[in-house]
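To keep things clear, I will list the structure first and then write my remarks on it.
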Amino acid sequence: MLIGSSGDAETTAVQTAVDAWGEETGNSVEVIAANDLVQQLGQGFSGNNPPDIFYMPWDQFQTYAAQGFIEPYAEDLANTGEFLPALQEQFSYDGSFYCAPKDFSTLGLQIDTQAWEAAGLTDADVPTDWDSLAAAAEALTDDDTVGLSFGREYARLGVFMAQAGGSLVDGDQAVADSPENAEALEFVQGMIDAGTLKFPQDLEAGWAGEAFGLGKAAMVIEGPWINGALENDYPDREYITVELPAGPAGEATFAFSNCWGMPVGSETRDATIDLIEFLTSDEQQIAFAEAFGVIPSTESGSAAYAEQFPDNAAFVAGVEYAQSPVAIEGGAPAITDFNASLETSGLSDPSAVLGPLQQNLQAALDEAGD
């Protein structure tokens with residue numbers, strides 16, 4: 001099993017789960033936490049030695065399904081009808097439900113409550129729009145701590161684009177280089193210029209959760225996986241999670257999911273299906289939620305999660321207006337190039353990064369339509 005883990009909490013939870021299944025069935029599973037899931041998964045397939053079961057990322061699914069690399073097994077699961085409809089749609093290709101979503105996550109705003117109180121902020125200052133987000137970030141910024149941090153990537157910046165009313169694709173047309181998306185990047189750049197927003201790399205942190213845990217950022221934008229990581233690595237950090245502030249066009253967050261992938265023609269198909277049914281049961285998904293914060297992918301599991309974890313109400317509330325990040329056949333390289341251009345070009349000239357993104361996405365759409 002190849003997984004893309006958020007940290008020790010997730011890796012341990014997955015290993016514990018497969019060990020329990022192994023005790024029941026007499027099978028054994030080797031869990032490998034990838035250093036780079038996309039790269040290692042690609043190497044496995046190109047070398048004709050893919051893992052028997054793996055995390056299939058949302059942004060890679062369409063490409064892998066189109067190329068015939070993954071087994072469309074999901075409709076054969078005993079619990080196939082229990083998954084949330086939006087997640088079934090996310091992992092369907094050419095009318096077929098391919099692979100079981102293992103869980104899902106939305107993004108929220110984490111606030112360091114000690115830093116918040118030290119800055120003299122109250123409940124009335126909790127950000128609800130871009131202006132109040134900028135104001136809170138300014139109040140929280142001092143010589144040792146920046147007000148806000150999040151990953152310098154589409155998976156975070158894209159939320160601001162959505163909040164501004166922008167998108168990347170409309171049907172078979174790319175619409176990335178739009179005034180709405182430019183407005184979003186200009187807002188973010190304004191916070192960078194003000195010194196109230198820094199990306200994790202600028203804080204000598206591997207990701208925003210680490211920057212938050214170390215006290216280098218007072219607010220971050222992350223999903224519920226941050227809960228397990230902080231409990232495991234920074235148990236003394238006190239914080240709350242609130243819904244993301246609305247933008248000019250209203251509320252928006254992203255919903256992320258991986259599915260349990262299986263290579264086409266798998267020799268372990270029957271055992272793997274049994275394992276996936278075990279891993280996607282409500283009981284096991286709640287155990288994963290307890291360990292590293294993800295939300296169960298089934299209707300009943302997500303409802304139980306909302307009752308059991310009231311502190312995560314913001315993540316559950318976000319489901320009502322969450323959008324799926326763009327994921328089109330052949331589109332992953334365009335997003336990768338966009339993320340790379342953010343590193344080299346920055347955000348000061350939105351068209352410099354949005355223009356190439358639009359061209360690359362349109363090329364992918366045109367090729368997929370041929």
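When the accessible area of the chain is split by element with a 1.4 Å probe, what percent falls to carbon and sulfur?
With neighbouring chains kept in place, the figure for the chain is 44 percent.
If I stretch the segment between residue 345 and residue 43 completely, what's the gain in nm (0.36 nm per residue apart, minus their alpha carbon distance), one decimal? Before the final figure, lay out each step's value.
Details: separation 302, 0.36 × 302 = 108.72 nm, distance 2.94 nm.
Roughly 105.8 nm would be gained on extension.
Let's test the formula: R0 of 45 Å, r as the Cβ-Cβ distance of residue 144 and residue 267. What FRET efficiency results, to the nearest 0.05? Don't jump to the answer; show the numbers that get you there.
On the way: r = 55 Å, r/R0 = 1.22.
The computed FRET efficiency comes out at 0.25.
What number comes out for accessible area per residue over the range 144-193 if the probe is 1.4 Å? Units Å², please.
Numbers: 1720 Å² over 50 residues.
Value for the range 144-193: 34 Å² per residue.
With a cut-off of at most 14 other beta carbons within 10 Å, and DSSP calling the residue loop, which GluC sites (Glu not before Pro) in the range 1-68 qualify? Please list them.
Hits after loop and neighbour filter: 30.
With r defined as the distance between the Cβ atoms of residue 80 and residue 307 and R0 fixed at 22 Å, what FRET efficiency is calculated, to the nearest 0.05? It would help to have the intermediate numbers written out before the result.
Working: r = 25 Å, r/R0 = 1.12.
It comes out at approximately 0.35.
Where Lys and Arg each count +1 and Asp and Glu each count -1, what net charge lies around residue 32 among other residues with Cβ under 14 Å from its Cβ? Write out the running numbers ahead of the final one.
Details: positive: none; negative: 10, 30, 36, 52.
Counting the neighbours of residue 32, the net charge comes to -4.
Express in nm, to one decimal, how much length is gained between residue 231 and residue 186 on full extension, taking 0.36 nm for each residue of separation and deducting their alpha carbon distance. Intermediate results must be reported in sequence, preceding the final value.
Values: separation 45, 0.36 × 45 = 16.20 nm, distance 3.45 nm.
Additional length available on full extension: 12.7 nm.
Return the single residue from 337, 144, 52 with maximal mean-square fluctuation; model: Gaussian network over the chain, springs between Cα atoms under 10 Å.
Result for the chain, Cα springs under 10 Å: 144 fluctuates most.
In a Gaussian network model over the chain where Cα atoms closer than 10 Å are linked, find which of 135, 291, 176 has the largest mean-square fluctuation.
Evaluated over the chain, the most mobile residue of the options is 135.
Antiparallel DSSP bridges in the chain: what percent, to the nearest 5? Spell out each step's value before the answer.
On the way: 23 of 33 bridges.
About 70 percent, rounded to the nearest 5.
Quick one: among 223, 331, 120, which has the greatest mean-square fluctuation in a GNM of the chain with alpha-carbon springs under 10 angstrom?
120
At a threshold of 8 angstrom on Cα-Cα distance, excluding pairs fewer than six apart, so keeping six or more, what relative contact order does the chain reach in percent? Don't skip to the end; give the middle numbers.
Details: 672 pairs, mean separation 98.6, N = 370.
Once normalised by length, the contact order is 27 percent.
What accessible area per residue, rounded to a whole number of Å², is obtained for the range 327-370 using a probe radius of 1.4 Å?
Counting only protein heavy atoms, the per-residue value for the range 327-370 is 48 Å².
Please identify the GluC sites (Glu not before Pro) of the range 288-370 that satisfy two criteria: DSSP loop assignment and at most 13 other Cβ atoms within 10 Å. Which are they?
Answer by residue number: there is no such site.
Measuring with a 1.4 Å probe in the full set of protein chains, what accessible area per residue, in whole Å², belongs to the range 1-125?
For the range 1-125, the solvent-accessible area averages 46 Å² per residue.
With r as the distance between the Cβ atoms of residue 170 and residue 287 and R0 = 41 Å, compute the FRET efficiency 1/(1 + (r/R0)^6) and round to 0.05.
It comes out at approximately 0.55.
For the range 184-257, what's the relative contact order in percent, using C-alpha pairs closer than 8 Å and at least 6 residues apart?
15 percent
The values are calculated or read from the model by the stated rules, or taken from the named source; none is laboratory data. Computed from a predicted model, the values in this text were never measured in an experiment. All Cβ positions, glycine included, derive from the backbone under ideal geometry; neighbour counts span all protein chains shown. In case anyone asks, the SASA skips ligands and DNA or RNA and just uses the protein heavy atoms, side chains included. Shrake-Rupley method; radii C 1.70, N 1.55, O 1.52, S 1.80 Å.
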